[in-house]
Amino acid sequence: MKIKGSFIEGKLIRRENRFVVTVLINGEYVKAHLRDPGRLGELLVKNAPILLREREHPKKLRYEVIAIKNDNLWILTNSGFHSKLAEELIRSGRISGLRNCKVIGREVKFGKSRLDFLLDVRKNLAY
């Protein structure tokens, strides 16, 4: 999966609320949008390396968080990319247990719930 834009690395200073973090970039403190409202306690630690990009159409905040480094690995924290990445992995056959699956729907209603993906599970699927 290719993520558009140029990336800027900074250091996490603190989480302001569910969707905003303060980051140090080149000696300047800036606020950035965090698309993942989850707890992320093990990732959002002071001085953690953080990867950002400038937003194409900034509303309030110029930057958005893409990933946070933990144990020398970049962890994708921008929830806008999780579904796209998962679909790409399923379609390409890179998830062994889903190699015979075809994505036929996303965000599908199921009763009072929602399924991330509706998969057609058949052997020898032709794409």
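Beta-bridge orientation, segment 66-127: approximately 100 percent antiparallel, per DSSP, counting only bridges with both partners inside. Tell me the Kirkwood radius of segment 80-121: reciprocal of the mean inverse pair distance over distinct alpha-carbon atoms, in Å. About 10.7 Å for segment 80-121. Across the chain, Cα-Cα distances exceeding 25 Å account for 39% of all pairs.
Quote the Stokes-Einstein diffusion coefficient, in whole µm² s⁻¹, for segment 4-54, based on the Kirkwood radius over alpha carbon pairs, a temperature of 37 °C and a viscosity of 0.692 mPa s. Don't skip to the answer; put the middle values down first.
Values: Rh = 11.1 Å.
The Stokes-Einstein estimate is 296 µm²/s.
Taking other C-beta atoms within 10 Å as the exposure proxy, R14, R55 rank R14, R55 from fewest upward.
Value of Rg to Rh for segment 24-75, rounded to two decimals, is 0.96; Kirkwood radius and Rg both from alpha-carbon coordinates.
Readers should treat all values here as calculations from the given coordinates under stated rules, not as data from a laboratory. On a predicted model such as this, the values are computed, not experimentally measured, just so you know. We place every Cβ from the backbone using ideal geometry, glycine too, and count neighbours over all the protein chains shown.
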